[in-house]
Amino acid sequence: MSFVCENIGVNAENHLTFAGQDTLRLAEEYGTPLYLLDEDRIRRNCRLYLEAFRASFVPGSRPLYASKAAAFKQVYRVMAEEGMGVDVCSPGEIATAEAAGFDLAGACFHGNGKTDGDIRYALDKGVGCFVVDNAEELLALEAEAGRRGLRQKALLRLTPGIDPHTYAAVATGQVDSKFGVAIETGQAEDFVRLALEQKHVELRGYHCHVGSQVFGEDVFERAAAVMLAFVAEMKEKTGYLAPELSLGGGYGVPYVVSDPIVDIPAKIASVAKTVKETCARLGIPEPAIHMEPGRSIVADAGMTLYRAVAVKRITGYKNYVTIDGGMGDDPRYALYGSRYTCLAAGRMGEASELRCTLAGRCCESGDLIQEDVLLPETVGRGDVIAVCTTGAYNYSMASNYNRYGRPALVMLREGKSFVAVRRESLEDLLRLDL
Ligand SMILES: *Cc1c(COP(=O)(O)O)cnc(C)c1O
């Protein structure tokens, strides 16, 4: 049998395994619903980027983990150990990184809606770099940094006008976007001039992010070409030469076996070739390059385990397998119709001939995990159902809808398992109510 990622397998008892461990045993030990994260895979994914960066780009270049994909203390510890930078986009992410002992000098602060409070918090914590989204934020940062008598490093977020042809909800690089300032309209130039006038903001360069789940042949290459042309144009017009350029995040990962697999080192080598050639043609030195992978660091390191609670066969219509979780722990199908591979973890030796909808338990018709899933006909109440590739944007997007507590998150490392985030209890749910 071939699976969507090589950390998935089947053992002699025909049980699904993840990172070499029996998923039925994990469900038994920790309860369901349960997030599993394969720490060895996370580290392997980090190293793919780190090694490719070392081989391809000028010194000072680095990959930063976009921690919105999955933010909890253990993941920041892993990033610190692997030597990754991190992107943070809220005081909550900053506080979590700090609590994990992550050196915030290696963090970049994102977001298109930073309040004065957010800016103050990030400055207090010594976040290394701000990615400034707009002119109002720039002036607010200048004021706060000025009050502290420091010069805050910053990148300006620009939109290069590139449509990566992924889902509209996850595309961010086109001109008409809530993120960043457009190059095409000339507003980016004004933004740069304004930044250069600020005494307490040290402009380090530019940032762009074209979107998420990118498979397109040359999306990063096109973004790099547009951004480098802008670097050269600004040097020409203002004399300012940007030493850094962030190309954002976003290589895609396969969720079903028919999805393409991205060869990350080969892709990075290709981006590096474009950067080198474009800089040579434009007569500018190569800037340090940043990339911000989130999904491709953690997605395939994740799996969610549920138990089936009911199998409903509506005569003449569809079949529904209802599980003990749903949009509260995984809103991705409800939000953007994301695909998943779903498996009956205890019945891996059986044929899968029951076409069904995997439904959540929330009071909402849209609460589905996946449609057109094939499971064994024998599947029934109590069976463990595994949803693969849930490491990104599952735990981090989880909610308490219907007042269900969020699942525990268990890390799998070198054949062992441990709780990294404990299951939310009823007391936890009531803690804030007065
Ligand atoms: C979401 C985001 C990322 C990460 O995208 P992935 O598709 O998860 O790799 C990186 N940079 C920025 C600015 C983002 O908003």
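Provide Tyr393, Tyr401, Tyr340 in ascending order of the number of other Cβ atoms located within 10 Å of each residue's Cβ, fewest first.
Result, fewest neighbours first: Tyr401, Tyr340, Tyr393.
Only sites in a loop by DSSP and with at most 14 other Cβ atoms within 10 Å count here; which trypsin sites (Lys or Arg not before Pro) in the range 302-339 make the cut?
When the trypsin sites (Lys or Arg not before Pro) of the range 302-339 are filtered for loop state and at most 14 Cβ neighbours within 10 Å, Lys318 remain.
Spin-label model, Leu432/Tyr401: points 7 Å from Cα along the beta carbon direction are separated by 1.7 nm.
Restricting to Cα atoms and excluding each atom paired with itself, what does the Kirkwood estimate give for the range 375-434 in Å?
For the range 375-434, inverting the mean 1/r across all distinct Cα pairs yields 14.3 Å.
Beta bridges from DSSP with both residues in the chain: antiparallel share about 50 percent, rounded to the nearest 5. As a length-normalised measure over Cα pairs under 8 Å and 6 or more apart, the relative contact order of the chain settles at 19 percent. Each 10 Å bin from 0 upward holds the following percent of the Cα-Cα pairs of the range 110-293: 9, 36, 34, 17, 3, 0.
Cα convex hull, the chain: 148 Å³ per residue, rounded to a whole number. Computed over the chain, the per-residue total of -39500 (n - 2.57) for DSSP H runs of n ≥ 4 gives a 222 nm mean residue ellipticity of -9500 deg cm²/dmol, rounded to 500. Within the chain, the selection of entire DSSP H helices by a Cα span of 15 Å or greater along the long axis and an average Kyte-Doolittle value of at least -1.0 returns 39-56, 135-148, 187-197, 219-238, 264-282.
Sorted by mean Cβ packing within 10 Å, highest first, what order do the peptides 296-305, 245-254 take?
The densest-packed peptide leads the list: 296-305, 245-254.
For the listed residue pairs Lys153/Lys237; Lys199/Lys235; Lys125/Lys178; Lys73/Lys416; Lys235/Lys267, the alpha carbons are over 25 angstrom apart in Lys125/Lys178; Lys235/Lys267.
Most tightly packed first, judged by the mean number of other beta-carbon atoms within 10 Å of their residues, the peptides 156-162, 72-78 read 156-162, 72-78.
The numbers here are math on the coordinates, done by the rules we state, and not lab data. This one's a predicted model, so the numbers in the text were calculated from it and none came from an experiment. Note that we place each Cβ from the backbone using ideal geometry, even for glycine, and neighbour counts take in every protein chain shown.
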